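Novice: I have a structure I would like to understand better, so I am pasting it below and will then ask my questions one at a time.
The values are calculated or read from the model by the stated rules, or taken from the named source; none is laboratory data. Treat the numbers as computed from the prediction; the structure is a model and nothing was measured. All Cβ positions, even for glycine, are placed from backbone atoms using ideal geometry, and neighbour counts span all protein chains on display.
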Amino acid sequence: MCAVLLSLWLFYWELEMFDYTILHWMTFLSAAVLLNLSPGPDIAFILGQTLRNGRRQGFAAMFGAWTGAGLHVVMAAVGLSAILAASALAFSIVKWLGAAYLIWLGIKMLLSRGDSFVTSESLNNQSQHSVYWQGVLVSALNPKVAIFFLAFLPQFVVEGAGSSGAQLFLHGSLIIVVAAFIEPPLVLAGARLGSFLKKNRQVGLWLDRGLGALFVTLGVRLAASTR
């Protein structure tokens, strides 16, 4: 929440300091909305945790994913993402770590018996911290996100409108702010669906299988990706 408020403050501050046109903001915000609606490991993890464990777990996963995305924004602003883009070794290391983590999460779901759909609320509450950090890792260990920010954000840097780093940080932070309007309703809807699924253990079993297969597929796709 503090990060969102800070980003909003930066937004108004930058509007006062920099001369961006209405067309600039319309183009950027349209792209940010489409970006946040596109499926990927972050959304899959958030919805998966929500369906399996409820609203609180879903929000923990969501905040974790935002933190991981924030790390990518900072990396793009200070130029560290350029290292991933330029170094085949650095890209491969992060890529294989991310792919292994996604596949490991998927295998855990594939081997489950649908127990997560009948887990007690107290147990769910105890593991919110770990779900948060899982969300951080899912987002942070995806080098494609870092390279995407490096390729996407500079398109909205306006010459003479302030330092490039500040502009990159502003626009990257606003992508997370846009996510704050899109992802919470998805979590709430997923929680309602998850409550319905908890009444049928067999459905929960097959949903675990489906989510597990999805994460394994995402991990394999990441492992097969190139810069």
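Novice: So which residues in segment 35-57 are acidic (D, E) and modelled with pLDDT under 85, if there are any at all?
Specialist: Result: no residue meets the conditions.
Novice: Inspect all residues belonging to segment 4-16 and state whether any of them is modelled with pLDDT under 85, over 16 Å from W66 (Cα atoms) and buried (at least 18 other Cβ atoms within 10 Å of the Cβ).
Specialist: yes
Novice: Is it the case, given these coordinates, that I103 is farther than 24 Å from N36 by Cβ and modelled with pLDDT of 75 or more?
Specialist: Against the criterion (farther than 24 Å from N36 by Cβ and modelled with pLDDT of 75 or more), I103 qualifies.
Novice: When you look at A151, is it modelled with pLDDT under 75, within 28 Å of L29 (Cα to Cα), over 17 Å from the mean Cα position of the chain (by Cα) and not in a helix (DSSP H, G or I), yes or no?
Specialist: In short, no.
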